[in-house]
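These notes are about the structure you will find just below.
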């Protein structure tokens with residue numbers, strides 16, 4: 001199992017994402033990317049959809065990538081990386097390649113939940129052998145903090161601003177992890193930048209399977225979430241402790257919750273430290289919306305525990 005020392009040693013041996021990128025101060029994305037890449041010991045090829053990560057790591061004439069790397073359009077990173085994977089398989093069959101190479105796609109929530117969903121779904125259904133990592137900062141941060149379908153309800157964004165007409169984004173966020181799990185792929189998981197060892201363990205388990213693998217990783221964005229730049233880890237940790245962002249995996253259809261908070265932490269503890277939810281604490285209507293938000297979190301958590309119970313009981317019955 002990976003630990004901090006082994007991950008650091010691999011980073012020293014081969015720096016796959018170098019310093020010198022221009023991601024914002026306090027951005028969680030480089031921690032996620034380095035953890036994913038350092039967990040994988042085999043050679044890798046990376047495809048990167050348009051977004052914060054791509055823009056900030058590939059400014060001409062430099063690059064922060066020290067691996068084979070492909071910039072794809074917003075909407076087709078899954079098609080790009082699976083095309084490379086298909087070429088690799090063809091060359092292997094022809095005897096022109098004889099070593100194991102891994103194929104990784106990185107994209108944000110805009111390029112995954114929304115614009116790239118069709119491409120991702122097709123790649124999953126076709127059964128390509130690749131790992132897709134959604135670095136989820138819950139909005140289109142690179143283009144101006146517009147709401148995406150990953151944006152939580154009531155969050156203020158530039159295309160769902162708080163005002164007389166709407167209280168921020170009116171809709172609940174899409175459950176993309178469940179959508180991917182419904183494709184019946186070998187491994188699907190949610191992780192968070194607040195627990196990098198859990199993320200590394202999930203990468204390691206994912207890479208033990210042939211076929212499509214998917215990770216949905218919560219990554220704090222100080223700009224869009226309106227938080228302090230030195231709080232990326234504690235803010236993301238609160239999302240986990242309040243059960244807003246459960247850490248779980250679905251391996252071959254079996255659900256497993258990797259972390260169950262010992263005490264109930266109200267979700268407003270996470271919301272109140274973010275400027276995008278500040279309006280909820282100023283009016284009586286805001287209090288009602290906080291209650292609705294909490295009810296949604298509780299409902300999603302209970303549904304997840306039921307899925308874990310059902311799939312684990314199924315294993316017990318088979319035994």
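Results, tabulated for the structure shown:
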{"read-out": "Residue count, the range 152-172 (criterion: over 21 Å from residue 287 (Cβ atoms) and either crowded, with 21+ Cβ neighbours inside 10 Å or at pLDDT below 95 (or both))", "value": "1"}
{"read-out": "Where residue 95 falls short, out of the listed (1) without any contact (Cβ under 8 Å) to a residue 60 or more places away in the chain; (2) surrounded by 22 or more Cβ atoms within 10 Å (Cβ to Cβ); (3) more than 15 Å from the chain's Cα centre (by Cα)", "value": "(2)"}
{"read-out": "Leading residue by the ranking (surrounded by the most Cβ atoms within 10 Å (Cβ to Cβ)) among those in the range 174-215 that are free of Cβ contacts under 8 Å to residues at least 60 places away in the same chain and in a loop (DSSP other than H, G, I, E, B)", "value": "194"}
{"read-out": "Selection within the range 152-173 - touching a residue at least 24 places away in the same chain (Cβ under 8 Å), touching a strand residue (DSSP E or B) at 6+ places or on another chain (Cβ under 7 Å) and part of a loop (DSSP other than H, G, I, E, B)", "value": "154, 156, 168"}
{"read-out": "Residue 32 being under 19 Å from residue 193 (Cβ atoms) and under 17 Å from the mean Cα position of the chain (by Cα)", "value": "yes"}
{"read-out": "Of all residues making up the range 133-147, the number that are in contact with a strand residue (DSSP E or B) (Cβ under 7 Å, 6 or more places away or on another chain) and farther than 16 Å from residue 179 by Cα", "value": "7"}
{"read-out": "Residue among 276, 289, 243 that alone is surrounded by 13 or more Cβ atoms within 10 Å (Cβ to Cβ), modelled with pLDDT of 95 or more, in contact with a helix residue (DSSP H, G or I) (Cβ under 9 Å, 6 or more places away or on another chain) and part of a loop (DSSP other than H, G, I, E, B)", "value": "243"}
{"read-out": "Contacts under 8 angstrom Cβ, first residue in the range 31-43 being closer than 23 Å to residue 221 by Cα, partner surrounded by fewer than 19 Cβ atoms within 10 Å (Cβ to Cβ) and at pLDDT 95 or above, 6 or more apart", "value": "37/44; 37/67"}
{"read-out": "Subset of the range 54-72 [outside any helix (DSSP H, G or I) and out of contact with any helix residue (DSSP H, G or I) (no Cβ under 8 Å at 6 or more places or on another chain)]", "value": "58, 59, 60, 61, 62, 66, 68, 69"}
{"read-out": "Cβ pairs under 6 Å, 6+ apart, first in the range 303-319 and assigned to a helix (DSSP H, G or I), second surrounded by 12 or more Cβ atoms within 10 Å (Cβ to Cβ) and at pLDDT 95 or above", "value": "304/246; 307/255; 308/255; 308/257; 311/254; 311/255"}
{"read-out": "Any hit, the range 254-269, residues being closer than 28 Å to residue 211 by Cα and more than 18 Å from the chain's Cα centre (by Cα)", "value": "yes"}
{"read-out": "Selection count, the range 258-273, where residues are within 21 Å of residue 309 (Cα to Cα) and either in contact (Cβ under 8 Å) with a residue 60 or more places away in the chain or buried (at least 17 other Cβ atoms within 10 Å of the Cβ) (or both)", "value": "2"}
{"read-out": "Among the candidates 17, 37, 53, residue that is under 22 Å from residue 97 (Cβ atoms), under 20 Å from the mean Cα position of the chain (by Cα) and buried (at least 20 other Cβ atoms within 10 Å of the Cβ)", "value": "37"}
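Table: residues versus (1) at pLDDT 95 or above; (2) farther than 24 Å from residue 130 by Cα; (3) in a helix (DSSP H, G or I); (4) touching a strand residue (DSSP E or B) at 6+ places or on another chain (Cβ under 6 Å).
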| position | (1), (2), (3), (4) |
| --- | --- |
| 7 | no, no, yes, no |
| 12 | no, yes, yes, no |
| 15 | no, no, no, no |
| 19 | no, yes, no, no |
| 32 | yes, no, yes, yes |
| 35 | yes, no, yes, no |
| 47 | yes, no, no, yes |
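For (1) touching a strand residue (DSSP E or B) at 6+ places or on another chain (Cβ under 9 Å); (2) in contact (Cβ under 8 Å) with a residue 40 or more places away in the chain; (3) assigned to a helix (DSSP H, G or I), each residue gets a yes or a no:
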site	(1), (2), (3)
81	yes, yes, yes
85	yes, yes, yes
90	no, no, yes
100	no, yes, no
107	yes, yes, no
111	yes, yes, yes
123	yes, yes, yes
131	yes, yes, no
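The values are calculated or read from the model by the stated rules, or taken from the named source; none is laboratory data. Since we're looking at a predicted model, the values are computed, not measured. In this analysis, Cβ positions are derived from the backbone assuming ideal geometry, glycine residues included, and neighbour counts consider all displayed protein chains.
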